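Remarks on the structure that follows.
The values are calculated or read from the model by the stated rules, or taken from the named source; none is laboratory data. Values in this document were obtained by computation on a predicted structure and should not be read as measured data. Methodologically, a virtual Cβ is constructed for each residue, glycine included, from the backbone with ideal geometry; neighbour enumeration extends over all protein chains shown.
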């Protein structure tokens, strides 16, 4: 018996070691891998081709990007279950898309769902698998291939290859997915996409500081042209390693690209243009050449970004006016391989400062890329992503909790074709004059003439007032006092004086909407961007007394370029008034319902300078602290004023903390149906 136990334990240990080496370490013996190299997808003649039983067919990519986040759950927690993935795959397929893109390693649940979904269908969804760069590991070294970020990128690339072939086990994976990857989804993988938005300083360091004497690379599968840069040489080595690894281990290859952006395009610009658009690097996939061993081919990939008209004029010097259409055609013609737009999108109307219709913009873009000769386009993204940040608003919030609430001031949170509405308990708040969603909310004030209720969820602060002083077609005003030490009792816009100081003043104006104003020394974007807007340091030129109210503003990039030899400087940012809240609109995007004797409104937390709405905390005084410092609050004072001079006494409204976990309802945006119609998706 003892001998039997020893043998059993020994066999178990050997099995465990074998499984560990096979799935975790990815050990393989090259000479045991026999047979011809297969290419389920390949590129030729500036096109993608897919192989199937009926032969090779040209393949145009119609795709959407999927993120691992879901509503208030951050992407790195990988909260989405297999059933939800498959529901989304159905919606994507019904929309007429044939491809999904993920920008990094997902958890095993995603690949399991994709495998099960595709195995049960005749028209599968294909995958472009991204490989994300670890910028936290960027460090200098005299040899680019010894740089830490490159070593990790190489490891991640091999992990990705094993994952899509169903041969990997990852216990923990910082910022990336993990799990037991046991399903082979490789028949559905079009290719690999390295990188997303590259760190331009890092590339410049490689190309200019290292200044390697020999930037040529001669691999088994990839070589470089003599004029290749150090970064292009490094990417050639990575692509060569990926091709070797997948060829030797799995006897297959698939197309690979290094993602790029317009700021890395292969074109030349005058120095004054380059300085202002931040163009310090060039990259082109055409500097990577295939050897006879490379059968699957390469492709070029770009993420879309707004490009100044002044820069476009230098693409075709013989043309009087060059448009973005001309630029895209030139960009496509600059490559001898297929080119795709791997990421492009626009915010929907849930973003407060949206100028155009999301559906119109997407259709215009899809048409433009196709007419420019691109071999496919990927929309960013299928779902809204609450934990995305933007340079112009990130300073306003606690970035550790930004994923827990929706922010209407951050445009790239609203790129999805579907969005989310957070529940308050089990209620969805709608500004429609129907008080059914207020039944469980207690009054904060009740008099003979009016009643006030206030509640909130993970997106907005809600207020309901019933008062005989409210008139349907007359202006109405609200004052908010959130900071315990700031504010004024005088309102210059309506010549009124309040009992409590306020920092925010909302005017509900028929025909305009809800215009939010803020006291001058509590304008968040001023202290952060004033010097980048007009050259004035906000701590040198302080807001002057008496302090009044001004429109709430956000900063945005200034698209204008200073002309060569100009005597004035064009600053990189401008201030823009936040658009009015929607008054008596239609559907879920209505912010204010104004009726006779009643008003119902919702205020985005960003318009009240809330740093973390859930705790809650607000911004402290910018001019006694440097930058944004949070200060906790347990409530605020609320005042209401009418156009005929009726002013309510200031009401204290307590604010309790909110839980970080909240249910959401998915909302299919009109842009989904627009894209579905354009791509010829299935009717319901």
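Is it fair to say residue 636 is closer than 30 Å to residue 270 by Cα, at pLDDT 95 or above and not assigned by TED's automatic domain parsing to the domain that holds residue 351? Break it down stepwise before answering.
On the way: closer than 30 Å to residue 270 by Cα: no; at pLDDT 95 or above: yes; not assigned by TED's automatic domain parsing to the domain that holds residue 351: yes.
Here the answer is no, as residue 636 does not meet what is asked.
Looking across 526, 532, one residue alone is assigned by TED's automatic domain parsing to the domain that holds residue 475, crowded, with 17+ Cβ neighbours inside 10 Å, outside any loop (DSSP other than H, G, I, E, B) and touching a residue at least 12 places away in the same chain (Cβ under 8 Å). It is 526.
Whether any residue in the stretch 470-486 is closer than 21 Å to residue 353 by Cβ and modelled with pLDDT under 95 is what I want to check. No.
Would you mind finding the one in 130, 166 that is modelled with pLDDT of 95 or more and part of a loop (DSSP other than H, G, I, E, B)? Reasoning before the result, please.
Values: 130 fails: part of a loop (DSSP other than H, G, I, E, B).
Criteria check complete, one pass: 166.
The single residue among 572, 604, 538 that is touching a helix residue (DSSP H, G or I) at 6+ places or on another chain (Cβ under 8 Å) and at pLDDT 95 or above turns out to be 538. Scan the stretch 251-275 for residues that are in a helix (DSSP H, G or I) and surrounded by fewer than 18 Cβ atoms within 10 Å (Cβ to Cβ) and jot them down. 271, 272, 274, 275 - these are the residues of the stretch 251-275 that are in a helix (DSSP H, G or I) and surrounded by fewer than 18 Cβ atoms within 10 Å (Cβ to Cβ). Would you confirm whether any residue within the stretch 670-677 is surrounded by 14 or more Cβ atoms within 10 Å (Cβ to Cβ) and either over 25 Å from the mean Cα position of the chain (by Cα) or assigned to a loop (DSSP other than H, G, I, E, B) (or both)? There is no residue in the stretch 670-677 that is surrounded by 14 or more Cβ atoms within 10 Å (Cβ to Cβ) and either over 25 Å from the mean Cα position of the chain (by Cα) or assigned to a loop (DSSP other than H, G, I, E, B) (or both). Would you be able to say whether some residue in the stretch 358-370 is surrounded by fewer than 22 Cβ atoms within 10 Å (Cβ to Cβ), part of a loop (DSSP other than H, G, I, E, B) and either out of contact with any strand residue (DSSP E or B) (no Cβ under 8 Å at 6 or more places or on another chain) or not assigned by TED's automatic domain parsing to the domain that holds residue 605 (or both)? Among the residues of the stretch 358-370, not one is surrounded by fewer than 22 Cβ atoms within 10 Å (Cβ to Cβ), part of a loop (DSSP other than H, G, I, E, B) and either out of contact with any strand residue (DSSP E or B) (no Cβ under 8 Å at 6 or more places or on another chain) or not assigned by TED's automatic domain parsing to the domain that holds residue 605 (or both), which makes the answer no.
Could you say which residue among 382, 344 is within 20 Å of residue 668 (Cα to Cα) and buried (at least 23 other Cβ atoms within 10 Å of the Cβ)? Result: 382 is the single residue among 382, 344 that is within 20 Å of residue 668 (Cα to Cα) and buried (at least 23 other Cβ atoms within 10 Å of the Cβ).
Regarding residue 680, is this residue loosely packed, with under 14 Cβ neighbours inside 10 Å, at positive phi and either touching a strand residue (DSSP E or B) at 6+ places or on another chain (Cβ under 6 Å) or at pLDDT below 95 (or both)? Considered against the rule, which asks whether it is loosely packed, with under 14 Cβ neighbours inside 10 Å, at positive phi and either touching a strand residue (DSSP E or B) at 6+ places or on another chain (Cβ under 6 Å) or at pLDDT below 95 (or both), residue 680 comes out as yes.
Any residue at all in the stretch 422-443 that's part of a loop (DSSP other than H, G, I, E, B), in contact with a helix residue (DSSP H, G or I) (Cβ under 6 Å, 6 or more places away or on another chain) and in contact (Cβ under 8 Å) with a residue 60 or more places away in the chain?
Checked against the condition, which is being part of a loop (DSSP other than H, G, I, E, B), in contact with a helix residue (DSSP H, G or I) (Cβ under 6 Å, 6 or more places away or on another chain) and in contact (Cβ under 8 Å) with a residue 60 or more places away in the chain, the stretch 422-443 yields at least one hit.
Among the conditions (1) assigned to a strand (DSSP E or B); (2) under 20 Å from residue 460 (Cβ atoms); (3) at pLDDT 95 or above, the only one that residue 656 does not satisfy is (1).
Residue count for the stretch 444-481 under the criterion of being over 18 Å from residue 509 (Cβ atoms) and either free of Cβ contacts under 8 Å to residues at least 60 places away in the same chain or not assigned by TED's automatic domain parsing to the domain that holds residue 596 (or both): the result is 7. Here is the figure for the stretch 458-488: residues that are within 35 Å of the chain's Cα centre (by Cα), surrounded by fewer than 19 Cβ atoms within 10 Å (Cβ to Cβ) and more than 22 Å from residue 518 (Cα to Cα) total 0. Among the residues of the stretch 488-506, those identified as on the phi < 0 side of the Ramachandran plot and not in a strand (DSSP E or B) are 492, 493, 494, 503.
Check 605, 593 and return the single one that is within 32 Å of the chain's Cα centre (by Cα), within 24 Å of residue 402 (Cα to Cα) and surrounded by 15 or more Cβ atoms within 10 Å (Cβ to Cβ).
Values: 593 fails: within 24 Å of residue 402 (Cα to Cα).
Just a single option satisfies the conditions, and that option is 605.
Kindly establish whether residue 455 is outside any loop (DSSP other than H, G, I, E, B) and within 34 Å of the chain's Cα centre (by Cα). Judged against the criteria, residue 455 is a match. Which residues, counting only those in the stretch 396-437, are surrounded by fewer than 18 Cβ atoms within 10 Å (Cβ to Cβ) and farther than 20 Å from residue 76 by Cβ? Passing the criteria: 418, 423, 425, 426, 427, 428, 430, 432, 433, 434, 435, 436. Number of residues in the stretch 35-71 that are outside the structural domain of residue 249 (by TED's automatic domain parsing) and in contact with a helix residue (DSSP H, G or I) (Cβ under 7 Å, 6 or more places away or on another chain): the value is 2. Restricted to the stretch 228-244, and to residues there that are in contact (Cβ under 8 Å) with a residue 40 or more places away in the chain and out of contact with any helix residue (DSSP H, G or I) (no Cβ under 7 Å at 6 or more places or on another chain), the residue that is farthest from residue 265 (Cα to Cα) is 243.
State whether the residues of the stretch 249-265 include one that is over 27 Å from residue 100 (Cβ atoms) and in the same structural domain as residue 201 (by TED's automatic domain parsing). No, there is no match, as no residue in the stretch 249-265 is over 27 Å from residue 100 (Cβ atoms) and in the same structural domain as residue 201 (by TED's automatic domain parsing).
Kindly evaluate residue 374 against the criterion of being assigned to a loop (DSSP other than H, G, I, E, B), on the phi < 0 side of the Ramachandran plot and modelled with pLDDT of 95 or more. Break it down stepwise before answering.
Values: assigned to a loop (DSSP other than H, G, I, E, B): yes; on the phi < 0 side of the Ramachandran plot: yes; modelled with pLDDT of 95 or more: yes.
Yes.
For residue 408, the conditions (1) in the same structural domain as residue 640 (by TED's automatic domain parsing); (2) touching a helix residue (DSSP H, G or I) at 6+ places or on another chain (Cβ under 8 Å) are fulfilled apart from (1).
Candidates 333, 355, 326: the one that is surrounded by fewer than 18 Cβ atoms within 10 Å (Cβ to Cβ) and within 22 Å of the chain's Cα centre (by Cα) is 355.
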